[in-house]
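Remarks on the structure that follows.
Please treat every number below as a calculation from the coordinates, not as lab data. In this text the structure is predicted, and so the values were computed from the model without any measurement. So basically every Cβ, Gly included, is an ideal-geometry build from the backbone, and we count neighbours across all protein chains shown.
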Amino acid sequence: MTKKKIAINPAPIPPYQKEFYSWLYESNRLTKLFDRQWLLNLLSFGYNQKLAKSVLDEVSPHSKVLQMGVTFGEQMNDLADKIGIYGKYDVVDVSTTQLRYVRNKYRFIYPYMNFVNRDALEPFTEKYDVVVCYMLLHELPLPAKSRLINQALSGLTPGGKAIFIDYNNMVWWHPLKWFVKMYNRLYQPFAERMWQTEIKDYVTDRQQFEWRKTTYFGKMYQKVVVTKKSSLF
Ligand SMILES: C[S@@+](CC[C@H](N)C(=O)[O-])C[C@H]1O[C@@H](n2cnc3c(N)ncnc32)[C@H](O)[C@@H]1O
């Protein structure tokens, strides 16, 4: 993947982001505010850090990793620490505001982290041992969700893993079910799809992969790990 200077020819912000998320992702002030691990833990009922740690269990040191969309908090530093200096960590984001922020935060600590301004829906030329998609799918409308999932899988080397962390359909008796449902209807219009459709169902050639799903907090969150089968020929 070629490294671009962040501010030259910025990738266009997709319409779903402009409409529903730019108030946050294009604001330096709010980005700084939300980039606090304790606040993220508070907003996720303590699960933000647990989910970030669960990604680490899937990644070996020295891996070549692609992350689709930057995240707040410590998810990216934890993963960079796990990958280590002999690995490669390409971070792709459509927002120059977000990329600049994480570049300033990490570039001197993790020289093997690369910051790339592009739309993750566009095809990737490189292949990766691991592709991470952390709390991004629920922000995407249906066609973009499907395209992103398939794009992540097509970027894997044989034996490589895609790791999706996102919302999931909670157990029916979950005390927060109606609160989350109402919040989603108001502010995250594409999130409820994560309740209705399995990530696997967006993939047509799914038999080329091994699928593993783990759920957390009364099934409110999911981790789906998709391993590309190695071909014998
Ligand atoms: C990965 S999610 C992270 C959600 C939440 N902020 C967190 O930390 O858990 C949000 C990021 O994805 C980026 N993003 C959204 N759509 C994208 C796309 N099509 N390609 C690349 N990045 C995208 C946004 O610009 C934003 O920085």
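Candidates are the residues of the stretch 166-217 that are touching a residue at least 12 places away in the same chain (Cβ under 8 Å), surrounded by 14 or more Cβ atoms within 10 Å (Cβ to Cβ) and more than 21 Å from the chain's Cα centre (by Cα); the one that is farthest from Q75 (Cα to Cα) is Q208. The listed residues are Y16, Y86, Y110, and the only one of them that is touching a Pro at 6+ places or on another chain (Cβ under 7 Å) and among the aromatic types (F, W, Y) turns out to be Y16. In the stretch 53-74, the count of residues that are free of Cβ contacts under 8 Å to residues at least 40 places away in the same chain, surrounded by 14 or more Cβ atoms within 10 Å (Cβ to Cβ), part of a helix (DSSP H, G or I) and within 10 Å of the ligand (Cβ to nearest atom) is zero.
If you go through the stretch 20-31 and keep only what is within 16 Å of D119 (Cβ to Cβ) and in a helix (DSSP H, G or I), you end up with S22, Y25. When each of I163, I149 is tested for being assigned to a strand (DSSP E or B) and aliphatic (A, V, I, L, M), the lone residue that passes is I163. What are the residues in the stretch 118-131 that are more than 9 Å from the ligand (Cβ to nearest atom) and not hydroxyl-bearing (S, T, Y), if any? Hits for the stretch 118-131 are P123, F124, E126, K127, D129, V130, V131.
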